[in-house]
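Encoded as C-alpha cells, the structure appears first; notes follow it.
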Amino acid sequence: MRVIAKSTIRKFWEQPAYGDSKGSLESWYEETIKANWLSPRDVKNQYGNASICGNNRVVFNIGGNKYRLVVEIQYQAGIVWVKFIGTHAQYDKISVENVNEY
C-alpha cells in the first residue's frame, strides 16, 4: 500500500507530548507499506482490533491503545490516506467519516 503521507505521521511523533508513539507508528507504517489490502476484510485479518467505518475509513489503535489513527483506504488504487492522529480524548471530538485534518 502507498501511505499518504509519512511526513504527517512523523510530525505527530516529533511533538514532545506524543514522542512515545514513534515506535508504534513506525511499525504500523512499515507493515502497511508491505500490505496488499484489497478489502476491509484484509485489514481485519492483519489488524483484528481495527475498526472499519463508513466512507472507507479505518481506525487503528496505536501505542497500546493510547492513540487513534484514522485513515481512508482506496483499496483498488492501493492508497492509504492519513486523516487523523490523536489521543482518545481528541478522537472523541471528531467525526471519523468526515475528518480531514491532514
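Some values worked out for this structure:
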{"quantity": "Per residue solvent-accessible surface (Å²) - the chain, probe of 1.4 Å", "calculated": "54"}
{"quantity": "Counted charge near G63, where neighbours are those whose Cβ lies closer than 14 Å (Asp, Glu -1; Lys, Arg +1)", "calculated": "+1"}
{"quantity": "Principal-axis tilt of helix 22-34 within the chain, Cα atoms, nearest 10 degrees", "calculated": "10"}
{"quantity": "Cα pair distances of the chain binned at 10 Å [whole percent]", "calculated": "16, 54, 28, 1"}
{"quantity": "Alpha-carbon gyration tensor eigenvalues x 5, square-rooted, for the stretch 43-102, Å", "calculated": "18, 14, 9"}
{"quantity": "Per-residue ³J(HN,Hα) for the stretch 36-44, Karplus 6.51 cos²θ - 1.76 cosθ + 1.60, θ = phi - 60°, Hz, x for Gly and Pro", "calculated": "9, 7, 9, 7, x, 4, 4, 5, 5"}
{"quantity": "Stretch gain in nm, segment Y75-A17, where the contour uses 0.36 nm per residue and the Cα spacing is subtracted", "calculated": "17.6 nm"}
{"quantity": "Apportionment of accessible area to carbon and sulfur, the stretch 12-102, percent (1.4 Å)", "calculated": "44"}
{"quantity": "Label-point separation in nm, E31 to Q46, each point 7 Å along Cα→Cβ", "calculated": "0.9"}
{"quantity": "Ellipticity estimate at 222 nm from DSSP helix runs (n ≥ 4, -39,500 (n - 2.57)) divided over the chain, nearest 500", "calculated": "-8500 deg cm²/dmol"}
{"quantity": "q = 0.17, 0.20, 0.27, 0.28 Å⁻¹, the stretch 8-65: log10 I(q)/I(0) [Debye, one scatterer per Cα]", "calculated": "-0.62, -0.82, -1.17, -1.20"}
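The values are calculated or read from the model by the stated rules, or taken from the named source; none is laboratory data. This one's a predicted model, so the numbers in the text were calculated from it and none came from an experiment. We place every Cβ from the backbone using ideal geometry, glycine too, and count neighbours over all the protein chains shown. Protein only, heavy atoms only, side chains kept; ligands, DNA and RNA dropped before computing areas. Shrake-Rupley method; radii C 1.70, N 1.55, O 1.52, S 1.80 Å.
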